1. How far, in nm, would the chain grow between residue 66 and residue 217 when pulled straight, counting 0.36 nm per residue and subtracting the alpha carbon separation?
2. Please work out the C-alpha center-to-center distance from the stretch 77-123 to the stretch 45-74 and express it in whole Å.
3. Quick one: which of 218-225, 167-174 comes out on top by average Cβ neighbours within 10 Å, and what's the full order, highest first?
4. Please report, to one decimal in angstroms, the Kirkwood hydrodynamic radius of the stretch 1-148 built from all distinct Cα-Cα pairs.
5. What FRET efficiency would be calculated for the residue pair residue 235, residue 125, taking the C-beta separation as r and a Förster radius of 45 Å, to the nearest 0.05?
6. For the residues 87, 16, 237, what sequence is obtained by ranking on other C-beta atoms within 10 Å, fewest first?
7. Just rank 30, 189, fewest to most, by other beta-carbon atoms within 10 angstrom.
8. Neighbouring Cβ atoms within 10 Å as the yardstick, rank 94, 33 fewest first.
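Nothing in this text is a laboratory measurement; each read-out follows from the coordinates by a stated rule. Since we're looking at a predicted model, the values are computed, not measured. Backbone-built Cβ (ideal geometry, glycine too); neighbour counts: all protein chains shown.
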C-alpha cells in the first residue's frame, strides 16, 4: 500500500479548524466532496506551506545566531539530534493540518509505481527507527568529507535527500521534510534555501522530481536529483540577485529625491 494512495484527509485526521474551513468551500458545499479533504486542496497546501516557511525561518535564524560556522555545528552533531529534529519538523509542517504529527508510519508502504518498493528498498515499518539512526550516522560521516562547494555540495544534498526518502519514515510529508534537509545542508554550505522547489502544486515539477528520485535507485550518483537541486539553487540565486538589484534602484531613487529636496 502506498503512503500516498489515500488522497483524502477525513474529519478524524485533520485539526478541527481545517475541517471547518473546508466545509465552507465549493468542493464541500457544491461538489459533494464531504467524506474528506483532497490532500492537494488549496487550504491544505496553504497550511503546509506556512509550516514549511516557519521551519525555513528557524533554519535561517539558527544560521545567523550560531557562534561557529553552521557547517561545523552540523558536523559536530550527535546523530540522534538529526532524528529528533526530523520529527520536530514533521510536527511543525502539519501543525495546522493533522491531529497526529511527528510519529513514524505504522504500516509498510511504497511510493512511485507498483513494484518501486523493491526498487528503492523501503524498509518495513518496524525498522524505520533503526534505519533513521543509520542514516543520521551516515550524514555525520558525509558532512565530515570535503564537500565545501560546487558539485560536491550538491551531490551531498542529493544523496542525503534520497537516503531520507528511501526510508520513508512518516505516513505523509516525507518529500517535504527531505527537501528541508536539502535546505539545511544548502545553508550550511553558503547557498540559499530552495523552498521554491515545493512541487506538490505543480504537476510538471512533481513529475521531474519523482523521475529524479527513481533514477537514484539505479544511479548512486543521483545525477538527475543533483540537476533538480542545482536548477532550484540557480533559480533562487537569480531571484535574489534580481531582488537586490530592484532594492538598490529604489534606495538610489530615494537618495536622489532626498538630494534634490535638499538642493531646492
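1. Residue separation times 0.36 nm, minus the Cα-Cα distance, leaves 50.8 nm.
2. Here the answer is 19 Å between Cα centres.
3. Put in order of decreasing packing, that is 167-174, 218-225.
4. By the Kirkwood definition, the hydrodynamic radius is 18.0 Å.
5. The formula returns an efficiency of 0.80 here.
6. 16, 237, 87
7. With the sparsest Cβ surroundings first, the list reads 30, 189.
8. Fewest-to-most ranking of 94, 33: 33, 94.
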